[in-house]
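K.L.:
Right, I'll just put the structure down here and ask away after.
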Amino acid sequence: MEVFYSSMFFIFGSVLASFYCVLATRIPEGKSIVKPRSHCEHCNHTLKWYELIPIFSYLFLRGKCRECHKKIPIYEFICEIITGLLFMGSYLYFGFSYSLWVSLFLISLLVLIFISDFKYMIILDSPLVITSIAIFVLKVLYFDWQTAFLSLLDGAILFVFMLFIAYIGKKIFKRDALGGGDIKLSFVIGFTVGLPYGFMVLVLSTFLALPYATFSLLTNSSHEVPYGPFLISALCIVFLYYEKFSYILNLFS
Ligand SMILES: [Zn+2]
């Protein structure tokens, strides 16, 4: 049964990932997410059902369009494999529990933010709203109303804190250091893991972002560094290693 469920979660993750690739590229470009149907970016050839199977289609077509033989972007293929593995890993790690359902939503956010923030410097609003509502419902179901409402307060505090940091940043550097999306994402962070952990996520995210930011400033390719991917990665890490982080927190209390 374990093998059955693991495979189901893998398939579920990879199918969702191909949908997320569409969402995260079409919405920032102002295109509809339902029309036109999935097609080749070069020759507009509409993809048949067997060209839409996650992971396998890419292998079967050897990474090229069937009509014009242009290369299909490899990030979609990688994204499908990674999401499948993360979904399966969450199931194996958490089993059927509150943490499993929350982690599936966080992984989905992770994938969407990695694509849209690195490609377009945008964090989409709709996934943040959907994730918040879903986690609120899960908190009510697995805990109670009171816990769910108190978590909203944690989210709001972290949101205001980041708003303040953004304001200070703008005063000092005379330009936007934090995007609106990063500030909204902070709400989800505080809301999901609560306050002391929320601040740990912020600290961890700066450490994660540092090597990339240094690299991109040195190579001078761009002065704009997306922060969203590092925030959401830090959130996933803290969520996964809750106990380890609570141990660190206890050292300070
Ligand atoms: Zn083509």
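K.L.:
If you take the residues in the stretch 115-126 that are surrounded by 15 or more Cβ atoms within 10 Å (Cβ to Cβ) and either among the hydroxyl-bearing types (Ser, Thr, Tyr) or at pLDDT 95 or above (or both), which one is farthest from Val193 (Cα to Cα)?
P.N.:
Tyr120
K.L.:
Considering only residues that are away from the ligand (no atom under 12 Å from the Cβ) and part of a loop (DSSP other than H, G, I, E, B), which ones fall in the stretch 20-41? If you could, list the steps in order and put the result at the bottom.
P.N.:
Restricting attention to the stretch 20-41, the residues satisfying the condition of being away from the ligand (no atom under 12 Å from the Cβ) are 20-37.
Once the filter is applied, which keeps residues that are away from the ligand (no atom under 12 Å from the Cβ) and part of a loop (DSSP other than H, G, I, E, B), the stretch 20-41 yields Ile27, Pro28, Glu29, Gly30, Lys31, Ser32, Ile33, Val34, Lys35, Pro36, Arg37.
K.L.:
Could you pull out the residue among Ser103, Ser108 that is under 22 Å from Leu52 (Cα atoms), assigned to a helix (DSSP H, G or I) and modelled with pLDDT of 95 or more? Step through it out loud before you land on a result.
P.N.:
Working: Ser103 fails: under 22 Å from Leu52 (Cα atoms).
Result: Ser108 is the single residue among Ser103, Ser108 that is under 22 Å from Leu52 (Cα atoms), assigned to a helix (DSSP H, G or I) and modelled with pLDDT of 95 or more.
K.L.:
So, one more: Would you please list the contacts, defined by Cβ atoms under 9 Å and residues six or more apart or on different chains, that run from a residue in the stretch 42-64 that is more than 16 Å from Glu80 (Cα to Cα) and within 12 Å of the ligand (Cβ to nearest atom) to a residue that is part of a helix (DSSP H, G or I) and small (Gly, Ala, Ser)?
P.N.:
Leu47/Ser57
The values are calculated or read from the model by the stated rules, or taken from the named source; none is laboratory data. Computed from a prediction, not measured in an experiment: that's the story for all the values here. Cβ coordinates were reconstructed from backbone atoms using ideal geometry, including for glycine residues, and neighbour counts include every protein chain displayed.
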